[in-house]
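Structure first, then comments.
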Amino acid sequence: MNANIVEIKRFAVHDGDGIRTTVFFKGCPLKCLWCHNPETLSPRHQLAFYRHKCINCEKCAEICGCHTFSENIHRIDRTKCTMCGKCAAICPQNALEIFGTKISTNEICTALLKDRDFYNESAGGITLSGGECLLQSEACCEILKTMKQNGINTAVDTCGFVPRSAIDKVMPYTDTFLYDIKAIDEDVHIKCTGQSNKIILDNLIYLNSCGAKSEIRIPYIPGYNDGQIDKIGKFLSELSNIIRIRVLPYHNYSASKYSALDMNNTLPKNLPCDEDIILAEETTARKMLCK
């Protein structure tokens, strides 16, 4: 079975406990305004062009008619691009990059097992992320099952906007769900992500009822969901299998990716300060203690 992925990232330290290897799947059902992995949003393969790296050597134009040069300006006709990747392969400055590759689950498992010594020494493991990895639940299930057979800790990073059947497939082989909660009020969630949060909240309640362990991740974006923190804490206080809550500070480092992919940059301008994050963490912790 093949999976459509963007990257296999080794030595990740923010995707669960210990040192981990994270597989980033391509495609996401949400369109969060603050997404810092825009290359994972579309399920289709994409060509990125980092203009600041280009030295106008014109090697790409020699093998592909999508690329033209005029007055030292490099232009790309994306309507002609077939995602063959030849231009990216020949670029001496890595100014071109293809995001998205089909790879077998066996190949992914082989790559993940190479780091098992690091998992063992750090109490780490593997994490499936995205985009939304559970849009490819069959592939996820195969990978997770193989990892569990090899005694490796597993985590699934999900936005929760997936069919219940996808959760049921992976639950037996998942040690921890890294679960995003962005808002409780549906109108706020729709404004920020383009989708209702009903399925997301219902799926978290379902996971909790099944005894699945979840680490809740709350992205904090001033002016968007900062007024939701108290409500999120109250909602989580009713759940018994939450092992950790993390408030994630928003950053806009990914602006260059939007430009490289020729995507509309929706990143909010307001950044949270340290005091905002501390207060949000204290608020959620206080709600959990009151349950």
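The values are calculated or read from the model by the stated rules, or taken from the named source; none is laboratory data. Only a predicted model underlies this, so the values are computations on that prediction, with no experimental measurement involved. Quick reminder, even Gly has a Cβ in these numbers, built from the backbone with ideal geometry, and neighbours come from all protein chains shown. When the accessible area is computed, the model is the full protein with side chains, heavy atoms only, and any ligands, DNA or RNA have been set aside. Shrake-Rupley method; radii C 1.70, N 1.55, O 1.52, S 1.80 Å.
With a threshold of 32 Å on the Cα-Cα distance, the over-threshold entries among 26/182; 59/102; 80/198; 80/182 are 80/198; 80/182.
Ligands, DNA and RNA are left out, and with a 1.4 angstrom probe the accessible area of the chain is 49 Å² per residue. Sorting the Cα pairs of the range 115-204 by distance into bins of 10 Å, from 0 upward, gives 17, 44, 26, 11, 2 percent per bin. Spin-label model, residue 199 to residue 113: label points 7 Å out along the Cα-to-beta-carbon direction sit 3.4 nm apart. Shape analysis of the chain based on the Cα gyration tensor places the equivalent ellipsoid semi-axes at 35, 24, 16 Å, largest first. Legend: calculated FRET efficiency, residue 72 to residue 106, from the Cβ-Cβ distance at R0 = 51 Å, rounded to 0.05, equals 0.65. The share of accessible area on the chain that comes from carbon and sulfur is 49 percent, using a 1.4 angstrom probe.
Along each principal axis, taking the top coordinate minus the bottom one, the Cα set of the range 61-122 gives 55, 22, 16 Å in descending order. Given a Förster distance of 22 Å, report the FRET efficiency between residue 244 and residue 274 from their Cβ-Cβ distance, rounded to the nearest 0.05. In this case the efficiency is close to 0.65.
Rg then Dmax, both in Å and based on the Cα atoms of the range 2-146: 17.7, 56.
Ranked by the mean number of other Cβ atoms within 10 Å per residue, highest first, peptides 89-97, 229-237, 213-221, 68-76 order as 213-221, 229-237, 89-97, 68-76. Available extension along the chain between residue 283 and residue 185 is 33.6 nm, counting 0.36 nm per residue and deducting the alpha carbon span.
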